[in-house]
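Working notes, beginning with the structure itself.
The values are calculated or read from the model by the stated rules, or taken from the named source; none is laboratory data. Because the structure is predicted, anything quoted here is derived from the model rather than measured. Quick reminder, even Gly has a Cβ in these numbers, built from the backbone with ideal geometry, and neighbours come from all protein chains shown.
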Amino acid sequence: MSRIKGITKELGATLTVAALTVAMASTTSVYANGKSAGQAGVDAQDGVNAVNPGAETDLNGLIATIINLVFGSIGIVAVIMIIIGGINYATSQGDTNKVQKAKNTILYGVIGLVVVLLSFAIVTFVLNGLAGE
């Protein structure tokens, strides 16, 4: 169980750093054939619409969707850990070691959930700032 907690902590931290890195990388300027980032984007959108009319390419939307899926999955894992801790607590039968392990599982699950929610809020804030919303 402690190995799962360690993996969950590392995974949450890694995904947060990765999401922030992707969000920051998407702010860099793009120059294509000497054109500004805005004109290159217009040209790219024209090319996409020529191949598939009506298709929209929105990098921030794609990143937001991926981040929502990742943070949602991690949030579900954190809630499952809280439930497992509650079951372990209820079935500990007063054994102090089992009670302590169950309390730690619940505590780490809650901490993981808070970290996921804060990470989601930060990434959403950054992406909304990049999109100018």
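Would you check if S119 is of a type in the set (S, T, Y) and not in a helix (DSSP H, G or I)?
No, not satisfied.
Checking the condition out of contact with any strand residue (DSSP E or B) (no Cβ under 9 Å at 6 or more places or on another chain), outside any helix (DSSP H, G or I) and at pLDDT 80 or above, which residue from S29, S92 passes?
S92
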